[in-house]
Amino acid sequence: MKKVIVTGGAGFIGSALIRHLVGNRLAEVVNLDKLTYAGNLESLQSVEKSPLYHFEQADICDPVAVKRLFNDFQPDTIMHLAAESHVDRSIDDPLCFVKTNVLGTANLLQCALEYWRPLPDDRKKAFRFQHISTDEVYGSLGATGFFKETTPYDPKSPYSASKASSDHLVRAWGHTFNLPVLISNCSNNYGPFHFPEKLIPLVILNALDGKQLPIYGKGENVRDWLYVEDHAKALWLINEKGVPGETYNIGGHNERTNLEVVNTICHILDDLRPKAQGKYSDQIVFVTDRPGHDLRYAIDSDKLQKDLGWRPEENFDTGIRKTVQWYLDNAWWWKPIREKKYAGQRLGGKA
């Protein structure tokens with residue numbers, strides 16, 4: 001059984017990955033998380049008592065803490081998800097994103113390298129530094145085409161630029177020092193335990209609260225949506241079978257405009273929890289677009305499917321209904337967040 005450090009394991013994707021690994025007894029995991037506003041250990045209730053799960057509160061920018069964890073736990077792999085991840089927040093506070101996403105990744109790489117070098121040959125060969133990134137590093141697509149692993153980088157926001165920088169650092173440590181690295185770039189994730197600053201949970205909860213449902217511009221921006229549990233399974237498959245030095249795109253082939261996403265959520269809520277009067281779509285309002293808003297993202301995941309045999313189990317219609325139902329059933333998880341951390345206000349309005 002592999003021993004895995006998951007950075008950012010209290011976040012949305014990280015917690016889904018840990019639930020998958022520990023819940024299915026696939027690996028022993030240390031969750032390395034600073035517990036910023038978006039980190040929530042409540043997302044790991046289902047596995048927190050397992051002997052295969054451990055938690056270490058630390059900052060990935062702290063070399064002393066990271067080195068100590070490597071030496072104490074002796075991991076076989078590190079799956080790096082810790083990141084500041086909201087485009088709107090990166091507009092308001094870009095330097096925070098540079099610190100965590102760029103300098104934090106560099107620190108992890110260097111600590112991993114120093115740990116990896118003296119390992120016995122068999123363990124050196126088996127070790128992996130797996131970096132989980134985003135399709136936003138590629139920039140914006142036109143009306144047609146898809147992002148491929150060979151698409152040139154063209155990041156447009158402080159967030160995507162910081163993730164592009166971290167991707168380049170990972171490749172550099174792999175090329176220069178022969179550290180066995182893997183990179184994946186994924187499309188927009190959604191599903192249970194998603195912090196409610198992001199579009200889908202924000203719309204669900206604001207709709208239930210009777211608040212306005214703001215949509216940027218005309219709602220024409222297109223995203224490719226990936227159910228988070230499908231993503232977690234893809235990440236472990238890449239860790240197990242991926243070729244060091246390679247990049248794998250992970251996408252759900254579920255393109256929707258933002259307006260289509262919001263309308264779909266409203267229709268599902270009309271069915272599952274009807275309002276006393278009117279429709280949830282009555283709450284939709286159009287607001288000034290955010291600065292540098294990319295028009296369209298779409299991922300070509302053929303390499304992952306052909307080389308490693310991955311297939312998503314959920315399409316958008318099945319996944320979004322599961323997601324809405326989960327938020328209806330799990331107010332215990334999101335109500336404290338809405339009351340104490342984030343109440344649904346607009347972010348990223350600064351130009």
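Normalising the average separation of contacting C-alpha pairs (under 8 angstrom, six or more residues apart) by the number of residues puts the relative contact order of segment 1-130 at 27 percent. Taking the inverse of the mean 1/r over every pair of distinct Cα atoms in segment 234-290 gives a Kirkwood hydrodynamic radius of 15.1 Å. Largest first and in whole Å, the equivalent-ellipsoid semi-axes of segment 107-239 read 34, 18, 13, each the square root of five times a Cα gyration tensor eigenvalue. Using only Cα coordinates, the Kirkwood hydrodynamic radius of segment 178-237 works out to 13.9 Å.
One chain, two ends: residue 330 and residue 119. Fully extended at 0.36 nm per residue, the span grows by 71.5 nm beyond their Cα-Cα distance. Every Cα-Cα pair in segment 61-185 was counted, and those over 18 Å apart are 54% of them. Please give the residues of segment 111-129, grouped as numeric ranges, whose backbone N is less than 17 Å from a label point set 7 Å along the Cα-to-Cβ vector of residue 308. Residues 126-129 qualify, since their backbone N sits under 17 Å from the label point. When both bridge partners sit in the chain, DSSP labels roughly 5% of those beta bridges antiparallel. Taken over segment 217-263, the alpha-carbon convex hull comes to 82 cubic angstrom per residue. Calculate, for residue 178 and residue 103, the FRET efficiency according to 1/(1 + (r/R0)^6) with r their C-beta to C-beta distance and R0 25 Å; round to the nearest 0.05. It comes out at approximately 0.65. Working from the Cα coordinates of segment 18-104, the gyration tensor eigenvalues give, after taking √(5λ), semi-axes of 25, 17, 10 Å in decreasing order. What the Cα atoms of segment 69-139 give is an Rg and a Dmax of 14.8, 46 Å. For segment 202-347, the equivalent ellipsoid built from the Cα gyration tensor has semi-axes of 31, 18, 15 Å, listed from largest to smallest.
Annotation: Cα Rg of segment 257-297 relative to the compact-globule expectation 2.2 N^0.38 Å equals 1.44. Any idea what diffusion coefficient the chain gets from Stokes-Einstein, in µm²/s, Kirkwood Rh on alpha carbon pairs, 10 °C, 1.306 mPa s? My calculation gives 77 µm²/s for D.
We did not get these values from a lab; they are worked out from the coordinates using the rules stated. Keep in mind that what you see is a predicted model, and the values were worked out from it rather than measured. Glycine also receives a Cβ, built like all others from the backbone with ideal geometry; neighbour counts cover every protein chain displayed.
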